[in-house]
Amino acid sequence: MANPYLQDDGAAVLQDSWLCFLDILGFKEILKANDHSRIQEFHRLLRDGRQILEGPADEAGWFDRDFHALTSFTDNIALGFPIQDDGEMESGMVFERVARFQLQMVLRGFFIRGGVAVGEAYVDDLAVYGPALLEAYTGESELARDPRMVLTESAKTLVVEHLAYYGNAGHAPQNRVLKRDRDGQWFIDYLRSTIIDESYDSPLVDDEAVRTHRDVVTEELQRFRHSPRIWSKYEWVALYHNDFCRQYPELFDETFIIEIDTVRGQIGSIVEA
C-alpha cells in the first residue's frame, strides 16, 4: 500500500502525526565485540519486529494507504502514524504495537529506550524529519534515561484530551497501556502485553514470558553489578517488573519477583578480618 505521507502526485508533505523514536540499547557493544551470532540474531529480531510495528496486512484490500510509515537505521527506528481525525485510533495502534515490539526485543536481551510525540512529521524509507521527530528524540535522549518509552508533553496532552471522552477515565483503555513513573514520566507499559485476556475472572496471561523477563533482567543486573551507571538502568527495569507482578498477586507469586538487593550485594569491609 501507499505511504500515507505521500500525496497522490508524489509530493512529500509534513502531517500531524504520532511519532515514535526508538533506540535499541546495547547494539553498539555487540558490533564492537564483533559478535556475529548476536548480530545475526539482532537482524532476525528486527525483521520479525518490523511485522509487529507494521501490524497485520490488509489482505482484503480495504485501504489504499497504510496507517503508518516506518524507517530504521542501525539501532534506531522511527515510526509515524498520520492523524486522520482526533488521533485516538492511531494512539491505540502506537501503544499496542510498540509494547509488543518492546517485549519481544527485551525477552531476547535487547532493551528499548525512546520517546513518543505528537506533531508535524514526515517518514519514508529514506528520511524522517519534522518537529515531532525532534521532540520524540529529545524524549529519548533527555527524558527517558532508563529502558522505557516515554510520552513527551505533546503526546500526554493529546492523551488527556482522549481521556475526557470517558465517564470514568480510570476505565479508559489508555489507562491500561500507560503508566506514570515515580519521576512523573508517562511510559508504555510493555509487560501489560503479556495479559492475553482479562474478560475472565482469572485473566489469561503469558506467564512464561514474565518468567523469561525476570531471568533476562536478573542476568543484566548480575552482568553490570560493578558498573553503577549501567546497573541503575536495569535496576529500573527490575523495579518495573516487580511493580507489574505485584499488580496481579493472583497471577504472579513471589517466585516471579526479582531479588534486587540479593543481586546488588551488601556493604562490607574492604578486607575481611
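Before moving on, here are some points about what is shown:
- Selection count, region 17-41, where residues are farther than 24 Å from residue 93 by Cα and either outside the structural domain of residue 137 (by TED's automatic domain parsing) or touching a residue at least 12 places away in the same chain (Cβ under 8 Å) (or both): 5
- Number of residues in region 26-41 that are of a type in the set (Gly, Ala, Ser) and either under 21 Å from residue 217 (Cβ atoms) or not in a helix (DSSP H, G or I) (or both): the value is 2.
- Hey, residue 214 basic (Lys, Arg) and either at positive phi or surrounded by fewer than 13 Cβ atoms within 10 Å (Cβ to Cβ) (or both) or not: no
- Restricting attention to region 93-132, the residues that are more than 16 Å from the chain's Cα centre (by Cα), part of a helix (DSSP H, G or I) and among the aliphatic types (A, V, I, L, M) total 1.
- Tally of residues being under 14 Å from residue 241 (Cβ atoms) and either in contact with a strand residue (DSSP E or B) (Cβ under 8 Å, 6 or more places away or on another chain) or polar (S, T, N, Q) (or both) across region 176-194: 7
- Once region 133-156 is narrowed to residues that are in contact (Cβ under 8 Å) with a residue 40 or more places away in the chain and part of a loop (DSSP other than H, G, I, E, B), the residue that is nearest to residue 87 (Cα to Cα) is 148.
- Residue count for region 157-178, restricted to those that are free of Cβ contacts under 8 Å to residues at least 12 places away in the same chain and either closer than 28 Å to residue 210 by Cα or of a type outside the set (S, T, N, Q) (or both): 8
- Per-region count, region 246-269, residues at pLDDT below 90 and not in a helix (DSSP H, G or I): 5
- Being assigned by TED's automatic domain parsing to the domain that holds residue 177 and crowded, with 22+ Cβ neighbours inside 10 Å holds for only one residue in 81, 73, and it is 81.
- Checked across region 173-187, the condition of being within 21 Å of the chain's Cα centre (by Cα), within 24 Å of residue 20 (Cβ to Cβ), of a type in the set (A, V, I, L, M) and in the same structural domain as residue 117 (by TED's automatic domain parsing) holds for at least one residue.
- Scanning region 18-52 for residues that are farther than 18 Å from residue 73 by Cα and touching a helix residue (DSSP H, G or I) at 6+ places or on another chain (Cβ under 6 Å) returns a single hit, 18.
- In region 84-115, residue surrounded by the fewest Cβ atoms within 10 Å (Cβ to Cβ) [restricted to those that are among the acidic types (Asp, Glu) and more than 22 Å from residue 48 (Cα to Cα)]: 85
- Residue in region 75-92 that is nearest to the chain's Cα centre (by Cα), counting only those that are in a loop (DSSP other than H, G, I, E, B) and of a type outside the set (Gly, Ala, Ser): 75
- Checking residue 257 against (1) of a type in the set (A, V, I, L, M, F, W, C); (2) in contact with a Cys (Cβ under 9 Å, 6 or more places away or on another chain); (3) within 18 Å of residue 108 (Cβ to Cβ), the condition it does not meet: (3)
- Filter result for residue 160 (outside the structural domain of residue 16 (by TED's automatic domain parsing) and at pLDDT 95 or above): no
- Members of region 231-273 that are more than 19 Å from residue 190 (Cβ to Cβ), surrounded by fewer than 16 Cβ atoms within 10 Å (Cβ to Cβ) and not charged (D, E, K, R): 232, 249, 255, 262, 265, 266, 267, 268, 269, 270, 271, 273
- For region 195-217, the condition of being over 21 Å from residue 250 (Cα atoms) and outside the structural domain of residue 106 (by TED's automatic domain parsing) holds for at least one residue.
The values are calculated or read from the model by the stated rules, or taken from the named source; none is laboratory data. Everything quoted here is computed from the prediction, not taken from an experiment. Glycine also receives a Cβ, built like all others from the backbone with ideal geometry; neighbour counts cover every protein chain displayed.
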